[in-house]
Amino acid sequence: MQDLKITLVQTNQFWEDKEANLLHFESHLDQIDQPTDLIVLPEMFHTGFTMNAKPLAEKMDGIGVSWLKKQAKKRDAALVASLIIEEEGMFYNRMVFVTPNGEINSYDKRKLFGLAKEDEHYSPGKKNTIVTYKGWKILLQVCYDLRFPENARNKVIEDNYDYDTIIYVANWPEKRNLHWKALLQARAIENQCYIIGLNRVGEDANHFSYSGDSCIISPLGDVEQYSSHEEILLNDMLEVDTLKETRQKLPFLKDRD
């Protein structure tokens, strides 16, 4: 296990325009001027958060995943994002974690956002996914999942924790950004893990405004940085010593039922 260098790509998205989004993200990736281990992109990264699932869905060998694989290899870093995937006539808001060698792990969003009728257009996932990468155990989560602590309940058995960090990719509207910030901190504190929260900025075709507020939060709940309303690359480090020290000095999870 080693310290993990993280790059969050907080940016606007072009509504249902895959080509424009891929070019836009690539221009941001080209600005990364230091080595990084993991690059995080938003929910439904190359379409925006749309309910227009059928015409925009892809297979796992489609343009979206292929682009992520290409960029992971080119940048020598893992990439993580969600996109619309179709399998056997069902549509999923699927989060994919792509390593530089082309290995793919995936997670289908379990909690679908009823206010946007996401549950009428997509099928929910059935189980969580924990990825092991460079010694870190990483739980994958998407946007609305954040409201449900039972979906991310960490456990420890003989000093072996289920996971070390959670990645949330999102299209979380600005009018509820207080909830975004508070819940991310809560997930870090209650699960004694790092939190990586990546949200978009700008306005979508439904006139929802997004303030970003992307961040990395320590296992003690300390917010490393927030960034609002701007397109920006946020670089930070997940520190092994901080994680271990928090768990050793404050072994709260061992007292869970």
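Just so it is clear, none of the values below were taken in a lab; they were calculated from the coordinates. Only a predicted model underlies this, so the values are computations on that prediction, with no experimental measurement involved. Positions of Cβ are backbone-derived with ideal geometry, glycine not excepted, and every protein chain shown enters the neighbour counts.
Computed over the range 119-208, the Cα gyration tensor eigenvalues convert (square root of 5λ each) into semi-axes of 26, 15, 12 Å, ordered from largest to smallest.
Just so you know, the averaged projected area of the alpha carbon convex hull for the range 146-257 sits at 7.3 nm².
Per 0.36 nm of contour for each residue apart, how much would the distance between Lys70 and Gln2 grow if the chain were fully extended, relative to their Cα-Cα spacing? That works out to 22.0 nm of additional length. For the range 118-143, backbone nitrogen atoms closer than 14 Å to the point 7 Å from His179 Cα along Cα-to-C-beta are found at 118, 143. Estimated purely from DSSP H runs of n ≥ 4, each contributing -39500 (n - 2.57), the mean residue ellipticity at 222 nm for the chain is -6500 deg cm²/dmol once divided by its residues. In this model, which of Lys74/Lys137; Lys5/Lys73; Lys18/Lys59; Lys5/Lys134; Lys18/Lys69 are farther than 18 Å apart at the alpha-carbon? Cα-Cα > 18 Å for Lys74/Lys137; rest within. Computed over the Cα atoms of the chain, pair by distinct pair, the Kirkwood hydrodynamic radius stands at 18.2 angstrom.
Considering the range 93-144, its Cα convex hull presents a mean projected area of 4.0 nm². The range 237-257 and the range 44-61 have Cα centres separated by 38 Å. Along its first, second and third principal axes, ordered by size, the range 191-257 spans 46, 29, 12 Å in Cα coordinates.
Across every direction, the projection of the convex hull enclosing the Cα atoms of the range 4-80 has a mean area of 5.0 nm². Across the range 1-143, the convex hull enclosing all Cα atoms gives 106 Å³ per residue.
Couplings 3J(HN,Hα) for the range 202-207, derived from phi with the Karplus relation 6.51 cos²θ - 1.76 cosθ + 1.60 (θ = phi - 60°), are x, 10, 9, 5, 8, 6 Hz, where x marks Gly and Pro. A simple spin-label model places the labels of Arg147 and Met237 3.8 nm from each other, with each point 7 Å out along Cα-to-Cβ.
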